[in-house]
Amino acid sequence: MAFFCMILSWGLHAVIFLIFVLFIVFLGYCLYVKYIHLKYDHIPGPPRDSFLFGHVYTVRMIFQRDETPHDTLLKWAEIYGPVYRLNLMHIVQINVSCPEATKEIMMSLKYKKDRFLHNKLFSMFGQRFLGNSLITVVDNDHWYKQRRIMDPAFCGLYLKGLMGTFNEVAEKLMDKLSEVSDNKTEVSMRRLFHCVTMDAIAKVAFGVDSNLLQNTSPFPQAVETSLKGMACNMRFMFFQFNPKNRPFIREVREACRLLRTSGAQWINDRRAAMQNGDDVPKDILTHIIKAAGEEESMTPEDEECMVDNFMGFLIAGQETIASQLTFCLMELARHPDILEKVKKEVDDVIGMKQDISYDNLGNLVYLSQVLKETLRLYPPAPGTSRDLLVDLVIDGIKIPAGVTCMFNTYVTGRLDRFFKDPLTFDPDRFHPDAPKPYYCYFPFSIGPRSCVGKTFAQMEAKVVMAKLLQRFDFNLLPGQTFEIHDTGTLRPRSGVMCYMNHRDLNK
């Protein structure tokens, strides 16, 4: 009996000691949070929801209500100015809409990519996702080696030789739209644009005929699942520890595994074909493998990074181009005067030709303005971030080192201090003679770490949209919403449901 009493006494003392240790740890954490407040509270910002959690509750409620968080960030920028603070427990995030600071930080490699973002996107729920791709990699030397390999494959001169493939893929969409028109059925343009942009990337970049407009494939669903997983992984701190989320987490892992395995197989097959002297497509993948072969050293991690970049290009490229095209069609349908003007330009430049040439793209000036204005109001990838490792003064406010600076082109694109009547869709803002936006418009980011595929994206968008405008009239299905849905990237919530009709070219 005495023995059991002694054990019970020891157990009680252990529990008391553990409670005491946890109390000391909690007290220490509270003191650290107080120190963070003292260090950064001179920076303006919305009132905190609580001492310990900061603005976590507000942010959480935005996501739970399925709202667009960027609208809240825009409202705060209007209230608190070009530099304001958010507290997420002990983490401080500085939101910047100051063009001078944007130029200073984004145009320099001195300010590295956000390490938190890298950690969240490197893997998802234990499965490698974007890894050390160009989108996520933090180390500048590692980034530069990858960029040196990738850059030549994405220059305009090289892409010029791929115009035939752009036309071929876009023609498949025109065939599908013709079928929709003949059957007089409604169609989700977001779904069709997602299929055609994935077809384009698979064909132009990797020489694979996916033809998703006619065939079933697990790829679109895998990309969709990966994007949903990315959003959950970034937004909800303890998402993976909730037992209810385990089935979805398994789906995300399987989706990432499918995409990465397919990418690795495509890369290995192409490399083997090149080593055997077989005829291979002169596409982006061939160019990248050749460039990688010219590097003095390629480590196993470098090889894995080729798959990382396949993932980044496939997911980010497909999603962002599709969303841009969908938003563009939505706005054109809502603005008949702009639609008629851009149709006239397409008719004047292309006429009745089936294939669009590289020179034609340069002459579609007003269409370029329409696409740029679409990205101002609806940037699919609305923001980027940098870690601030040195003290900096932004707009007269001292920002101590140790924070992440967020730059949001959705916010700056809708601020009236940069754009007059910012919510009005006006392509003339981007007329060649109009003043260029000064570091407040960056849908593909800016500086040395801007999107390597931006030329590819806009060539594809122009070819697809020009062909569509050349051949079809379209009307929005009545009653649908024009709200924005944030799934990690921005897309129209309704999917932009349309009726399509063949154009009467004899009018």
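The values are calculated or read from the model by the stated rules, or taken from the named source; none is laboratory data. Keep in mind that what you see is a predicted model, and the values were worked out from it rather than measured. All Cβ positions, glycine included, derive from the backbone under ideal geometry; neighbour counts span all protein chains shown.
The set of residues from the range 77-93 being closer than 19 Å to F418 by Cβ, buried (at least 20 other Cβ atoms within 10 Å of the Cβ) and hydrophobic (A, V, I, L, M, F, W, C) comprises A77, V83. Counting only residues that are among the aromatic types (F, W, Y) and either outside any helix (DSSP H, G or I) or touching a strand residue (DSSP E or B) at 6+ places or on another chain (Cβ under 7 Å) (or both), the range 319-370 holds 1 of them. Among the criteria (1) surrounded by fewer than 21 Cβ atoms within 10 Å (Cβ to Cβ); (2) without any contact (Cβ under 8 Å) to a residue 24 or more places away in the chain, the one L192 does not fulfil is (1). With the requirement that a residue be farther than 16 Å from G263 by Cβ and crowded, with 23+ Cβ neighbours inside 10 Å, what does the range 122-137 give you? Across the range 122-137, the qualifying residue is only V137.
Of all the numbered requirements in (1) touching a helix residue (DSSP H, G or I) at 6+ places or on another chain (Cβ under 9 Å); (2) more than 22 Å from T487 (Cβ to Cβ); (3) among the charged types (D, E, K, R); (4) part of a helix (DSSP H, G or I), D279 misses one, and that requirement is (4). Being surrounded by fewer than 16 Cβ atoms within 10 Å (Cβ to Cβ), touching a helix residue (DSSP H, G or I) at 6+ places or on another chain (Cβ under 9 Å) and either farther than 28 Å from P300 by Cβ or touching a residue at least 60 places away in the same chain (Cβ under 8 Å) (or both) is a description that does not apply to M230. The single condition among (1) modelled with pLDDT under 95; (2) surrounded by fewer than 18 Cβ atoms within 10 Å (Cβ to Cβ) that S385 does not satisfy is (2).
Cβ-Cβ distances below 6 Å connect the following pairs, each with a first residue in the range 68-97 that is more than 15 Å from G396 (Cα to Cα), a second residue that is among the charged types (D, E, K, R) and at pLDDT below 90, and a separation of six or more residues or different chains: T68/D486. Scanning the range 23-67 for residues that are part of a helix (DSSP H, G or I) and of a type in the set (S, T, N, Q) yields T58, Q64. Exactly one residue out of A434, A461 is in contact with a helix residue (DSSP H, G or I) (Cβ under 7 Å, 6 or more places away or on another chain) and within 30 Å of M352 (Cβ to Cβ): that is A461. For A200, the test of being part of a helix (DSSP H, G or I), at pLDDT below 80 and touching an Asp or Glu at 6+ places or on another chain (Cβ under 8 Å) is failed.
Of all residues in the range 423-478, those satisfying the criterion of being within 20 Å of P492 (Cβ to Cβ), in contact with an Asp or Glu (Cβ under 7 Å, 6 or more places away or on another chain), crowded, with 17+ Cβ neighbours inside 10 Å and in contact (Cβ under 8 Å) with a residue 60 or more places away in the chain are F425, P427. Scanning the range 142-172 for residues that are touching a Gly at 6+ places or on another chain (Cβ under 9 Å) and either at positive phi or free of Cβ contacts under 8 Å to residues at least 40 places away in the same chain (or both) yields nothing. Can you confirm whether the range 283-293 contains a residue that is of a type in the set (S, T, Y), surrounded by fewer than 22 Cβ atoms within 10 Å (Cβ to Cβ) and under 30 Å from R257 (Cβ atoms)? Checked the range 283-293: at least one residue is of a type in the set (S, T, Y), surrounded by fewer than 22 Cβ atoms within 10 Å (Cβ to Cβ) and under 30 Å from R257 (Cβ atoms). Take the residues in the range 84-124 that are in a helix (DSSP H, G or I) and at pLDDT 90 or above; name whichever of them is farthest from E254 (Cα to Cα). The extreme case among them is E100. M237 meets each of the listed conditions (1) in contact (Cβ under 8 Å) with a residue 60 or more places away in the chain; (2) aliphatic (A, V, I, L, M); (3) out of contact with any Phe, Trp or Tyr (no Cβ under 6 Å at 6 or more places or on another chain) apart from (1). The residues of the range 391-408 that are farther than 17 Å from A77 by Cα, in contact (Cβ under 8 Å) with a residue 60 or more places away in the chain and outside any strand (DSSP E or B), listed by number, are P400, G402.
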